[in-house]
Amino acid sequence: MTTNGNEQDAATRVRGSKDIEVPSLETDYPRYMVELGEAVSLAAIDPDQTEHYRKKKDVAKELEKQRRRIQDLQARLYAENKRGLLIVLQAMDTGGKDGTIKHVFSGVNPQGCRVSSFKAPSAEEANHDFLWRYHKSAPARGRIGIFNRSHYEDVLIVRIKNLVPEEIWRGRYGQINDFERNLSLDGITVLKFFLHISKDEQKKRLQSRLDDPDKRWKFSSADIKERAFWDDYQRAFEDALGNCSTENALWYVVPANKKWYRNLVVARTIADTLAAIDPQFPPAEEGLEKVEIPD
């Protein structure tokens, strides 16, 4: 991890009906960023970290401030219609992807934001290359896209369950990096979060689903089977994070045992990234100050 600022990408000309330049992105919140080429050890990262905050109420005002920043910047991104943002969320089961989306993007205009969730591929999707269904869901310029699970499943679950040979899933790291680089060259900034929880915290969350009749719909016996692969998944995530945090698409490992702190970190990082993109409202038509609305 790093404690220094990061320059995500030098200004790059991209294709389109008009030439667009992707700005250098220097965010102000690199605390949990995976440095380029860094070997990641999830066991060395405390999922209970909360900075100086101690309780949910301690972050309430700051979280609302960051949500308002996102709302304002998203409105400008949508109006400018030159660049976009793809947010990737990955986690172990019960890691909080759904909750993060709910609490961070509360109040965001749905016209400019779309969530895509990926489960087992359909027959049609399985007949295409593994990136096909993800590319179809990538955000257009002016939009924010959120991947609830993502193309990283194709170097995670396929590895754990031996669904494809090792030489296939290992080769996908490079394909994923190329995919994300191509998005960035087309004006789409890629921002990736791994929501890091402990095995004990996962047990508590699974138990809470069992204990609450209104939450049992979230529980599946498959969750217990997947939990048995905890260590295997941790290693698979470490390799994905280390191999695929690039200058075009950074990974952030977010301590997520405390849901309220997870929400703050994600919101603040997204707001800082949008501020670095610095979208602007288009200039108004000339002479509007002289226009009178007829009766």
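Structure notes:
- Members of region 95-140 found to be closer than 26 Å to residue 226 by Cα, touching a residue at least 24 places away in the same chain (Cβ under 8 Å) and of a type outside the set (S, T, N, Q), listed by number: 95, 96, 97, 98, 99, 101, 115, 118, 119, 130, 131, 134
- Some residue of region 224-233 being surrounded by 17 or more Cβ atoms within 10 Å (Cβ to Cβ) and within 20 Å of the chain's Cα centre (by Cα): yes
- Count - residues of region 51-84 that are in a loop (DSSP other than H, G, I, E, B), buried (at least 22 other Cβ atoms within 10 Å of the Cβ) and polar (S, T, N, Q): 0
- Verdict on residue 123 being out of contact with any Leu (no Cβ under 9 Å at 6 or more places or on another chain) and farther than 30 Å from residue 77 by Cα: yes
- For region 111-129, the condition of being buried (at least 18 other Cβ atoms within 10 Å of the Cβ) and either out of contact with any Phe, Trp or Tyr (no Cβ under 9 Å at 6 or more places or on another chain) or at positive phi (or both) holds for none of the residues.
- Some residue of region 181-204 being among the acidic types (Asp, Glu), within 30 Å of residue 49 (Cβ to Cβ), out of contact with any His (no Cβ under 6 Å at 6 or more places or on another chain) and exposed (fewer than 14 other Cβ atoms within 10 Å of the Cβ): yes
- For region 271-295, the set of residues classified as assigned to a loop (DSSP other than H, G, I, E, B) and surrounded by 10 or more Cβ atoms within 10 Å (Cβ to Cβ) consists of 278, 279, 280, 281, 282, listed by residue number.
- Residues satisfying the criterion are present in region 106-119 (criterion: among the polar types (S, T, N, Q) and farther than 26 Å from residue 260 by Cα).
- Helices (runs of 4 or more DSSP H) fully within region 85-146 counting 1 or more residues that are at pLDDT below 95: 123-126, 132-137
The values are calculated or read from the model by the stated rules, or taken from the named source; none is laboratory data. These numbers come from a predicted model, not from an experiment. Heads up, the Cβs are rebuilt from the backbone with ideal geometry, glycines too, and the neighbour counts pull from every protein chain shown.
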